[in-house]
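Enquirer: Dropping a structure here in structure tokens format, bear with me for questions.
The values are calculated or read from the model by the stated rules, or taken from the named source; none is laboratory data. Just so it is clear, the structure is predicted and the values come from calculations on it, not from any experiment. All Cβ positions, even for glycine, are placed from backbone atoms using ideal geometry, and neighbour counts span all protein chains on display. Accessible surface areas use protein heavy atoms only, side chains included; no ligands, DNA or RNA. Shrake-Rupley method; radii C 1.70, N 1.55, O 1.52, S 1.80 Å.
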Amino acid sequence: MRFQDVISINDFRKEDIDYVLRVAERLEEELKKEGTLKYAKGKVLATLFFEPSTRTRLSFESAMHRLGGAVIGFAEASSTSVKKGESLMDTIRTVENYADVIVIRHPREGAARLAAEVARVPVINAGDGANQHPTQTLLDLYTIKKEFGKIDGLDIALLGDLKYGRTVHSLAKALSYYNVRLYFVAPKGLEMPRHIVEEISNKVEIVETSDLEAVIPKVDVLYVTRIQKERFPDPAEYNKIKGSYKVDLKVLEKAKDTLKVMHPLPRVDEIAYEVDNTKYSAYFRQVWSGIPVRMALLGILLGVIK
Amino acid sequence: MKELKVSAINKGTVIDHIPAGRGLKVLEILNLSGDNTILIAMNVRSGKLGRKDIIKVEGKILNEEEVNKIALIAPSATVNIIENWEVMEKRKVEIPDEIIGIIECANPNCITHYEEVTPKFKVLSKKPLKLKCHYCERTMEEDIVLKHLL
Ligand SMILES: [Zn+2]
């Protein structure tokens, strides 16, 4: 990989993505054979979570442990000197003395980029405000590749709040590197932003619709996201939309046998629990994908995996 | 006719072809100190623009960074460096590929508003002007950029 930090999916070329996915696959196999690996023995990861995100933090910590390394960090800014007014740059300059790699989650956009510029050690962005969460995108791609053995040739639907969803913006962009057809399925008012559609429409075929039923029989992947109530000024409007996009067994009746339903989790009620134990559900395996993908990134940035 | 409106200068910089009405804004971002004599002509008839503003700064040769600042709000401007009553150098202002300082990010949640860091933008398009914040990756169009000059 040609860079030293993982800040934005926009920094990734297709070769970089493919490389990370390949390393992740290799590590997953080794992990299954040998249990905990030793690549990162003697290395320390610092997880700096200026806002809480327990799942993401645990996933990084688990990945580092399975790579044989150690973890230090904090889970909320209120328990640190940040509360006393210390600048992010000073926090980074301090912590880089304790760790070989830093994972940062911060409520302000651009915080991870700034941290990477200041730090002498590699930095991974685990979410900076509404901007980027690149490791989520990589694990989404990894999941698709694992489920189908490939990404090229697939029909992939992104469903839900496509306007505000950071996850689907990055994923759509990354998928545009591949030979796929994308369906953007969103309620009126929550459509994919124009600038993203324009940016990728010359690379992939895009179908924009609000009609989930019409799309279901055509797709290989249904990537579901949460529609947040607070996005709607009128609660009645929210309730109408919420119902129309509930993925349950009835909706899936017309699906391809091989359809996989994905979701970045946590879900509220956009996927019925009855879907969990069907051949369609891939969302818990998707959670697992975070481990090999984050192991790959940590290993590559630490220089212990080639 | 122009020369009657603003007297010629011995040494300094003449900024010509500023779109009419932007002259004061140009002065503002140049942030000139009280030492310089400044002559400004507004709404001068111009073959090229219809109406234009002209600024003459006596005793000061603008550097490249200052000239590039002007490009953001007056891309049509030309900069003439004057010495001994003569034009020594004629420059077209040009928007650089990267803008460091000069503008603050329009995104209120951008880290640049909270840390001691110089805002930095990548120029995605010069015409129409479109910038992308190096830190938060938010894009800004011309009308927004003009409201966020530092
Ligand atoms: Zn910004």
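Enquirer: Rounded to a whole number, what % of the accessible area of the protein assembly as shown do carbon and sulfur atoms account for, probe 1.4 Å?
Expert: About 48 percent, which is the carbon plus sulfur part of the accessible surface.
Enquirer: Which value in nm describes the separation of the simple spin-label points at B:E86 and A:K279, placed 7 Å from the Cα toward the beta carbon?
Expert: 8.8 nm
Enquirer: Here is a follow-up. Got a sec? What order do B:D53, A:D5, B:D97 fall in by accessible area at 1.4 Å, biggest, i.e. largest, first?
Expert: Heavy-atom accessible area, descending, gives B:D97, A:D5, B:D53.
Enquirer: Tell me the angle of helix A:134-148 to the major Cα principal axis of chain A, expressed in degrees between 0 and 90 and rounded to the nearest ten.
Expert: Orientation of helix A:134-148: about 60 degrees from the principal axis.
Enquirer: Let's test the formula: R0 of 35 Å, r as the Cβ-Cβ distance of B:N10 and B:V123. What FRET efficiency results, to the nearest 0.05?
Expert: Efficiency computed from Cβ-Cβ geometry: 0.45.
Enquirer: Something else about it: Per the Kirkwood formula on distinct C-alpha pairs, the Rh of region A:129-233 is how many angstrom?
Expert: 13.9 Å
Enquirer: Pulled fully out, how much extra length does the chain show between A:E34 and A:Q4, if you take 0.36 nm times their separation in residues and subtract their Cα-Cα distance?
Expert: 8.0 nm
Enquirer: Moving on to the next point. Rounded, prolate or oblate: which fits region A:158-295, taking a ≥ b ≥ c as square roots of the Cα gyration tensor eigenvalues, rounded meaning a/c under 1.5, else prolate when a/b beats b/c?
Expert: rounded
Enquirer: If you count only protein heavy atoms with a 1.4 Å probe, what accessible area per residue comes out for region A:134-287, rounded to a whole Å²?
Expert: Per-residue value: 45 Å².
Enquirer: Expressed in nm to one decimal, what extension gain is obtained for the pair A:E86 and A:D18 from 0.36 nm per residue of sequence separation less their Cα-Cα distance?
Expert: 20.6 nm
Enquirer: Can I ask one more? If you roll a 1.4 Å probe over the heavy atoms of the protein chains, what accessible area per residue do you get for region B:98-148, in Å²?
Expert: It amounts to 51 Å² per residue over region B:98-148.
Enquirer: In Å² (nearest 100), what accessible area is buried between A and B, both sides summed, heavy protein atoms only, 1.4 Å probe?
Expert: Interface area, both chains combined: 1300 Å², rounded to the nearest 100.
Enquirer: Determine the principal axes of the Cα atoms in region B:98-148, then give the extent along each, sorted from largest to smallest and rounded to whole angstroms.
Expert: For region B:98-148, the Cα spread along each principal axis is 31, 18, 17 Å.
Enquirer: In degrees, nearest 10, range 0 to 90: what is the angle between the Cα axis of helix B:64-73 and the longest Cα principal axis of chain B?
Expert: Rounded to the nearest ten degrees, it is 80.
Enquirer: In nm, what is the difference between 0.36 nm times the number of residues separating A:A70 and A:D11 and their Cα-Cα distance?
Expert: 18.5 nm
Enquirer: Just how far, in whole angstrom, is region B:130-145 from region A:232-306 if you go by their alpha carbon centroids?
Expert: 32 Å
Enquirer: Follow-up. Go from 0 up to the bin containing the longest alpha carbon distance in chain B, width 5 Å each, and give me the % of pairs per bin.
Expert: 2, 9, 18, 20, 18, 13, 10, 6, 3, 1, 0
Enquirer: If each DSSP helix of 4+ residues adds -39,500 (n - 2.57) and the sum is divided by the residues in chain A, what number results at 222 nm, nearest 500 deg cm²/dmol?
Expert: Mean residue ellipticity at 222 nm (helix-derived): -12000 deg cm²/dmol.
Enquirer: Here's something else I'd like to know. Measuring from the lowest to the highest alpha carbon on each principal axis, how far does region B:12-92 reach, largest first, in angstroms?
Expert: For region B:12-92, the Cα extents along the three principal axes come out at 30, 25, 20 Å.
Enquirer: A further question follows. Compute the separation of the alpha-carbon centres of region A:36-53 and region A:141-208 and state it in Å as a whole number.
Expert: Spelled out, the Cα-based centre of one part sits 31 Å from the other.
Enquirer: Heavy-atom accessible surface, probe 1.4 Å, ligands and DNA/RNA ignored: which residues of region A:95-113 lose at least 50 Å² versus the isolated chain?
Expert: The answer is A:R108, A:E109, A:R113.
Enquirer: With label points built 7 Å along Cα→Cβ from the Cα atoms of A:K240 and B:K147, find their separation and express it in nm.
Expert: Result: 3.1 nm between the two label points.
Enquirer: Region A:1-73: which trypsin sites (Lys or Arg not before Pro) are DSSP loop and have at most 10 other beta-carbon atoms within 10 angstrom?
Expert: A:R2
Enquirer: Distances longer than 35 Å among the Cα atoms of the protein assembly as shown: what percent of all pairs is that?
Expert: Tail of P(r) above 35 Å: 44 percent of Cα pairs.
Enquirer: Let me ask something else. Anything losing 30 Å² or more of accessible area from the isolated chain to the full protein assembly: pick those residues out of region B:102-148, probe 1.4 Å, ligands and DNA/RNA ignored.
Expert: B:N109, B:I111, B:Y114, B:E115, B:H134, B:Y135, B:C136, B:E137
Enquirer: I need the calculated FRET efficiency for the pair B:H113 and A:V207, taking r as the beta carbon distance and R₀ as 35 Å, to the nearest 0.05.
Expert: 0.35
Enquirer: May I pose another question? Find out how many positive minus negative residues lie around A:K256, taking Lys and Arg as positive, Asp and Glu as negative, among other residues whose Cβ is under 13 Å from that of A:K256.
Expert: With Lys, Arg at +1 and Asp, Glu at -1, the neighbours total -1.
Enquirer: What is the calculated FRET efficiency for B:E65 to B:A20, with r their C-beta to C-beta distance and R₀ = 22 Å, to the nearest 0.05?
Expert: Result of the calculation: an efficiency of 0.30.
Enquirer: In addition: Using the Karplus curve 6.51 cos²θ - 1.76 cosθ + 1.60 with θ = phi - 60°, work out ³J(HN,Hα) for each residue of region A:251-257 in order, rounded to whole Hz, and write x for Gly and Pro.
Expert: Values per residue, Gly and Pro as x: 4, 7, 3, 8, 6, 4, 4 Hz.
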